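First comes the structure, then the notes that go with it.
The values are calculated or read from the model by the stated rules, or taken from the named source; none is laboratory data. The shown structure was predicted, so the numbers you read here are calculated from the model rather than taken from an experiment. A quick note on method: Cβ atoms are made from the backbone with ideal geometry, for glycine too, and the neighbour counts reach across all protein chains shown.
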């Protein structure tokens, strides 16, 4: 047992350096899903991300606006190109899966999912604050109880992928 508090503090600081910058907790918004995101480093170049959040979609059919809300989740793996920057910083690319389940005021349920490729850039500031932008695109899959639901991109089966994150790296 370590009895000297100074030695204990030095040991904790040294151990913290070994595990620095392996995690980022973020507030994130990605098309259809606003929530909390967690990114975990797997190596110098690879990380995985999971997000859970709130989903809200507004549709218009025959000039009648309908709002649907629900739950969404997001998964992504990333490859970071730079090895000279801090862990989980710089340009990245990787596959993603985005899914949200929503229902409207009539309790009609809709599941929207997208699988595709994203890229972006993540900055890690000296204060360990992180800022990230994400863009890309993927397949659009819609499964709905509402026969009138139609998205302007549904005919081509493509959903743009745009996002913004703000977090803390530790």
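A few remarks follow.
- Enumeration of residues in region 63-81 that are outside any strand (DSSP E or B) and either under 12 Å from the mean Cα position of the chain (by Cα) or free of Cβ contacts under 8 Å to residues at least 12 places away in the same chain (or both): 63
- When residues of region 36-61 are limited to those that are more than 20 Å from the chain's Cα centre (by Cα) and free of Cβ contacts under 8 Å to residues at least 12 places away in the same chain, the one nearest to residue 169 (Cα to Cα): 58
- Just so you know, in region 142-170 the residues that are within 19 Å of the chain's Cα centre (by Cα) and surrounded by fewer than 17 Cβ atoms within 10 Å (Cβ to Cβ) include one that is modelled with the lowest pLDDT, and it is 158.
- Pick from region 53-78, criterion exposed (fewer than 14 other Cβ atoms within 10 Å of the Cβ) and either within 17 Å of residue 96 (Cα to Cα) or out of contact with any strand residue (DSSP E or B) (no Cβ under 9 Å at 6 or more places or on another chain) (or both), ranking: modelled with the lowest pLDDT: 61
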